[in-house]
Every structure is written in C-alpha cells, then in structure tokens.
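Since the structure comes first, as structure tokens, the remarks are kept for the end.
Derivation of every value follows stated rules applied to the coordinates shown; laboratory data play no part. All of these numbers come straight from a predicted model, not from anything done at the bench. All Cβ positions, glycine included, derive from the backbone under ideal geometry; neighbour counts span all protein chains shown.
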C-alpha cells in the first residue's frame, strides 16, 4: 500500500474533468482531500460533487467555484444550505434506503470516492469506521477510490471492511474526527422526551436521531430493560443507553446482542466507546434502512422529527415552504417499517412552535410549497410538549382535534376556527384547555387480576365514550345520570370531553385485551363549583367491571388530584337506591355529611387535613 501513498494534491490530480465525485459522510469526511480539491480547482470543470451529509467544510459550493464544481445534496446540511437556497447547489429528494441502489445502477454515477478510513489491519483491511451508510456502495462502484487514512478512525464491526487493494491512492492524516457537542436539553425537549418514552415498552428496538429531543428521549429511557438498537444514526444518547445497561439486544430478532447502525457522529466519548466494541455493528443504508428489515425487528420504535404537520397528518420534514431545509433521510424508511412491524410504534416528535412561539408547527394545511415527506396514512403517533396524538385509524375529525389538543395553547383557537371553516370538526366544538401532558396516570390491578389504567380523558376518546355508554345497562345509566337516557349525542359527548388541568378533571378507566385497541370501561370526574372551593364528583363503571375495587381506587385517585389542585372537598348527589356508590364515597377515608332529599342523598366530603397521609395517598 506504501506505493500508493501520495500527497493530497497528488491524489486529487488523479481525478479527471467532469468526473462524478462522492465525499464520505458525516464525521468521516476526508477533510484534507476536500481542502486539496478546491486548492487544485484549476484542474476541474463541471465536476458533480455529492454527499449525504458532511460535518466539515464544503468550500466547493462557494460561488467562485461554480464553473468547477456542482454540488448535489441527498440531505441538506448547514454547510451547503445557503448554496441550495441560492441555486448554486442541487437537492435530490430520495429515501436513504434507496441511495446505494441508485449508485450501483449508475442512475447516480460515482466515478471517484473520497473517503476516510482506518489504517490497514494485519489482514490488509481498512475500515470505513463511523460512516458506512452510502459510502460502501460508492466504494464498490467507483473507478477511483482515494482514501484519507487516519489512525484515529474507530474500527466498527459489520460491513465497513475494505481490502487495501481496493484503494487506488491514499494520504496520511492523523487528526481527531469532527465532533458535535451535545446541546443541553431544555424543559420543552425534556417533556417531549418523557412523553415519547411513555410509548416505549421494555424489549423494544429503537431508531434514534441527534439533537435535544432525541437526547431527552434517551434520558427518559434509563428505566427501560432489554432494549435493542436498529438505527441509521447512532447518537451519543444511544451509547448512554448501552453503557447504562438499558440496551442489551437480548430480544433482537436480527443480530442479537448487537446495536446496529449505518453511521454515527457526536462526542469523542462516543467514538472511543464504539471503537472495536463487539456490541456494535455498522452496515450499509440499503440494509439498515430497508423498511422490510426494519419491520422484522422486535417491537420497533421509530422516532423522527418534523418541521410541520397538517390537520390530516401529512408531515413536512425537509422544507420550510418552498425553501428546502434538510432531506427525506430515513424518516419514511423507519416510519413505514415500524408501522409494518408487529407491535411497532412509529412516532413523530416535535416542538409545538417555531420562531420563538410565533408559528405553530401544527397547521390547518402545509405551507405553500411545503413537501409531504411522510404521508397521512403512515403517521401513527405525534408528540409535542403538550401531549400525544394517536392518529392511526382515526377520521379527519378525530385527527384534527387530537392535533389541536397538543398544539401550543396560544394557537388553538385559531386552529379550531380553521378546522370549523373546513368542516373538519363539529360547529359546537370547544377549544381544548389542557396544557400539561403526562399527568394523573396510574395503573392498578383489579380483583379479577386484570391490569387497569387510569389516565386523563382525551379529545380522541369521543367514540370510546359512546361505545361505553351503549354497553351500560339501563339500571347503571339511570343511577349515574338520574334519568333514563337512551342515547348519547355528539353535543353530550363534547361536554364530557371539555376538561382542563385543575378545576375540571376527567379520568378514564382503560383495559386492553391482547393486542386489541384498549377499551374504556369507566370514567371518573370532578368539576369545581365556581361559588366554593369544593368540586362535584361522580364516576361510573361498565356493569361487567363493577365490584372489582376499581370505583374505590378511582375515587381515591380523583381525590388525590383534587387536593393537589387546591380543591377543599367533594360534593355529590347519589340516588338512595345506589348503595354501591354510596359505599364507595364513604370508603374514601374522609368524613361524609349527607342529607336525604326525597330519593337523593346530597353528600359533602371535606378533605380533612387531620386525616393520615396514608388515607390521602394517591394511586400508584
């Protein structure tokens, strides 16, 4: 290999005019070769240059080189964004999983591959290190391969090994890889991270990204067990999970015990940790990002971002209006793969606003010129700091209201007005008031041994409330509503969904049967009286779930929430014939004052501060 050693200028001189050049990705950008390329610019004319995303300099996009080089971005990074905006560089929208095939079929020709590798091992193999992605296909297809050999390049097991004979020329460079410092998470990203983590079960397989939100997600997964990683990008947060023991790969369906990625960049600690670490394997993008391979993973969780999403669920992730900003990348590959995976969870996670709160990322329709990266049919979960919207299998009306309910409160009235104008929602629909997500959730075990979830009611629960009502017996309906209701119409359901964070709380009781959609089997609520510090409380349970201790636990849960919100006690009207409900109120653990008026008991239950802490303990 020594006979092939050259200076950067000598190596670059081997490239002919008009030849198509691909530059190594991310932190594996061969910086000395890039510098030599522009230093020797007089040798070139009309040479196309492409790369996925590079972290280092991209001087070839400067206006003075427009007759020498023309850049084509598969993903628009900060170093080429201005050039793309000004028309001095191009952008090719394409799924990351398909780029290697484009290269191999020469629909996107690569004549020259400029790469960075590790020094040869004792068997004569160099390693592509932290960037296998599309570089593997470029090396296999190029007629000229020029490598920057760097002893600091981590060696990663997998598909990144290349025999030194494949390299036509090489230059020596001993320098640290480009690093990216971690941005400290703020309260918004931390809340989004907590909410996303609530959707991740033990033994799930993760796709992760880089930035404040992915880091916050990883920080919220530190109590999860036996996770696996199958991701295009391995970030610092993914390494944290491996180091902490959360990622074991024990239940991975492919490459068990391994964390699989196609590229990585971040801190030096990450590069040091993955170097020659048998817990990691790096493979090409057409393998890692293949939706069919993604779908084979065990409980695949795909976590991706967005710039904007409309009422119907269409996701724009690569442009701001007509201005291209980033790229399709692997979002669709992983979202679609996770949606095909049994038990898979596709997630779009984003901040609710942009430009300091001026712009809502949830919009009535996408901005003019904005492109749809992920279609409305592919989107399942959308997460902002204000909650989780489950769009899978939902109507446009349900989608619009679910998304409005997790939009920033300052934009909800305007969004609701737009939804009404489009006749997406009911004319009498109210503006969602809840602003704090992830509160008041608890799990109990009923007397029959079944696990039961208490959670706040959601806008999307309208149909489930209707289903609950029509499964109640006439006797249960009469005892709860004190009338012989035979129907629950839209305006009535809307009233029950009109809640906030403090004074008007509704908790649903939910159970799941296998992999089926969870059912609501009960509801408890309280509504504060504007004339006092007391709240009117009530609850109901489906007939087949009565007598299981759920009503008592639910009322205790409501009481704990009420006390936390400054409510001084409950009042309730209960039919005298409704002995089970009367018993539940008396078992709450507080003094009960009752007055019988005809057939109705009026109960007053002050939360006596002298009661023991155990009696006031919320459900856990």
Inset, instruction - Report, in degrees rounded to the nearest 10, the 0 to 90 angle that the Cα long axis of helix 550-564 makes with the longest principal axis of the chain. - result: 80
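Which order do peptides 78-86, 420-428, 306-314 fall in by mean Cβ count within 10 Å, highest first?
Working: 78-86: 16.8, 420-428: 13.7, 306-314: 22.6.
Listed from highest to lowest mean packing, they are 306-314, 78-86, 420-428.
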Legend entry - Distance in nm between pseudo-label sites at residue 2 and residue 563 (7 Å out along the Cβ direction from Cα): 8.1
Legend entry - In degrees, nearest ten, helix 409-421 long axis to first principal axis of the chain (Cα): 80
Inset, instruction - Mind jotting down the distance between the C-alpha centroids of region 516-545 and region 220-274, whole Å? - result: 42
Legend entry - Among beta bridges that DSSP assigns inside the chain, antiparallel share in %, nearest 5: 50
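Using only the Cα atoms, work out Rg/Rh for region 170-248, with Rh taken as the Kirkwood radius, to two decimals.
Details: Rg = 14.4 Å, Rh = 13.4 Å.
Ratio value, two decimals: 1.07.
Could you sort 130-139, 18-27 so that the peptide with the highest average Cβ count within 10 Å comes first and the rest follow in order? Could you put the intermediate results ahead of the total?
On the way: 130-139: 28.8, 18-27: 24.1.
Output ranking for 130-139, 18-27: 130-139, 18-27.
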Legend entry - Hydrodynamic radius by Kirkwood, which averages 1/r over all alpha carbon pairs of region 2-172, in angstrom: 15.8
Inset, instruction - Stick to Cα atoms and the Kirkwood definition of Rh, then tell me Rg/Rh for the chain. - result: 1.08
Legend entry - Separation of the residue 427 and residue 295 label points, Cα + 7 Å toward Cβ, nm: 4.5
Inset, instruction - Return, ordered by residue number, the residues of region 52-75 whose backbone nitrogen is under 13 Å from a label point located 7 Å along Cα→Cβ of residue 35. - result: 57-59
Inset, instruction - State whether region 442-606 is rounded, prolate or oblate according to the following rule on the C-alpha gyration tensor (a ≥ b ≥ c being the square roots of its eigenvalues): a/c under 1.5 gives rounded; otherwise a/b larger than b/c gives prolate, and the remaining case gives oblate. - result: rounded
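With a Förster radius of 60 Å, plug the Cβ-Cβ distance of residue 600 and residue 243 into 1/(1 + (r/R0)^6) and report the FRET value to the nearest 0.05. Don't jump to the answer; show the numbers that get you there.
Values: r = 62 Å, r/R0 = 1.03.
After rounding, the FRET efficiency stands at 0.45.
Under the rule of -39500 (n - 2.57) per DSSP H run of 4 or more residues, summed and divided by the residues of the chain, what mean residue ellipticity at 222 nm is obtained, to the nearest 500 deg cm²/dmol?
Numbers: 19 runs with 156 residues, N = 620.
Helix-only estimate at 222 nm: -7000 deg cm²/dmol.
Let's test the formula: R0 of 30 Å, r as the Cβ-Cβ distance of residue 105 and residue 17. What FRET efficiency results, to the nearest 0.05? Write down the numbers at each step before the final one.
Working: r = 24 Å, r/R0 = 0.80.
E(calc), rounded to 0.05, equals 0.80.
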Inset, instruction - Sort 212-221, 362-371, 546-555 for me by packing, meaning the mean count of neighbouring Cβ atoms within 10 Å per residue, highest on top. - result: 212-221, 546-555, 362-371
Legend entry - Relative contact order for region 30-161, counting Cα pairs under 8 Å that sit 6 or more residues apart, in percent: 20
Legend entry - Reference-scaled alpha-carbon Rg (2.2 N^0.38 Å with N residues) for region 383-531: 1.08
Legend entry - Spacing of the two label points (7 Å from each Cα toward its C-beta) at residue 484 and residue 222, in nm: 6.1
Legend entry - Mean-position separation - Cα centroids, region 384-443 and region 7-85, in angstrom: 46
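Which percent, nearest 5, of DSSP beta bridges in region 2-172 are antiparallel? Present the calculation step by step, with values, prior to reporting the outcome.
Numbers: 3 of 28 bridges.
Beta bridges within region 2-172, antiparallel portion: roughly 10 percent.
Evaluate the relative contact order of the chain (contact order divided by residue number), counting alpha-carbon pairs under 8 angstrom at least 6 apart; express in whole percent. Walk me through the numbers before you get to the answer.
Values: 1420 pairs, mean separation 51.7, N = 620.
In percent, rounded to a whole number, it is 8.
Taking R0 as 22 Å, what FRET efficiency do you get between residue 501 and residue 443 from their Cβ-Cβ distance, rounded to the nearest 0.05?
0.55
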Inset, instruction - Rounded to the nearest 10 degrees, what's the angle between the helix 396-405 long axis and the longest principal axis of the chain, both from Cα atoms, 0 to 90? - result: 90
Legend entry - Rotationally averaged projected area of region 1-62 (alpha carbon convex hull; nm²): 4.5
